[in-house]
Amino acid sequence: MFKGYRDFILRGSVLDLAVGVVIGAAFTAMITAISTGILTPIVARFIGSETAAIAISIGGGQSIDLGIVINAVMAFFITSTVIYFVVIIPVNRIRALIRQDAATGANLEPAEVALLREILEELRKSK
């Protein structure tokens, strides 16, 4: 029972997934910090607010904090753009190359293998 569990945990895909989640969390924290610390104050400056807290008062002591929404939207677009250009495009290119190699190289074999096949056929004929 424990051997199966150990094999499951040590399988490459589980470890890759765990590493991906940890790196993704760190990357998200970094993008959120950049968005909160740099981009949101710049947007606040263009809007004319003195602080990064861009809020609209709706009465009763309540307000809508647009700064949080703008920060989340910017973090999403930055993260998705980086993932697209750094991960998705290169992976798609690699997959295309693999498919192309598989399509063109499926019937090709090294010269040594072809020679060994010919020798084997001749040996079979001579028996």
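Since every read-out is calculated from the coordinates, none of them should be taken as a lab result. Predicted, not measured: the structure shown is a model, and the values here were computed from it. Here the Cβ positions follow ideal geometry from the backbone for every residue, glycine too, while neighbour counts run over all protein chains shown.
Observations, loosely collected:
- Degrees, to the nearest 10: 89-105 long Cα axis against longest axis of the chain: 10 degrees
- This ranking places M30, M74 by how few other beta-carbon atoms lie within 10 Å of each, fewest first, which gives M30, M74.
- Within a Gaussian network of the chain (alpha carbon springs, distance under 10 Å), most fluctuating of S80, S57, S35: S57
- Calculated [θ] (222 nm, deg cm²/dmol) that DSSP helices of n ≥ 4 give over the chain, each run adding -39,500 (n - 2.57): -23500 deg cm²/dmol
- Tensor-based shape of region 60-127 (alpha-carbon gyration tensor, a/c under 1.5 rounded, otherwise prolate or oblate): prolate
- C-alpha long axis of helix 12-34 to longest principal axis of the chain, angle in °: 30 degrees
- Among A111, A102, A55: highest mean-square fluctuation, GNM of the chain, C-alpha pairs under 10 Å: A111
- Taking Cα centre as origin and charging only the Cβ of basic (Lys, Arg, +1) and acidic (Asp, Glu, -1) residues, the dipole magnitude of the chain rounds to 340 debye.
- Pair-distance profile P(r), taking every C-alpha pair of the chain, with 5 angstrom steps and integer %: 2, 8, 9, 10, 9, 8, 9, 8, 8, 7, 5, 4, 3, 2, 2, 2, 2, 1, 1, 0, 0
- When the charge dipole of the chain is built from unit charges on Cβ atoms (+1 for Lys and Arg, -1 for Asp and Glu) and taken about the Cα centre, the candidate among Q100, G61, N71 whose Cα reaches farthest toward its positive end is Q100.
- Relative to the longest principal axis of the Cα atoms of the chain, helix 111-126 runs at roughly 30 degrees.
- Take every pair of alpha-carbon atoms less than 8 Å apart whose residues are at least six positions apart; their mean separation over the length of region 2-126 yields a relative contact order of 16 percent.
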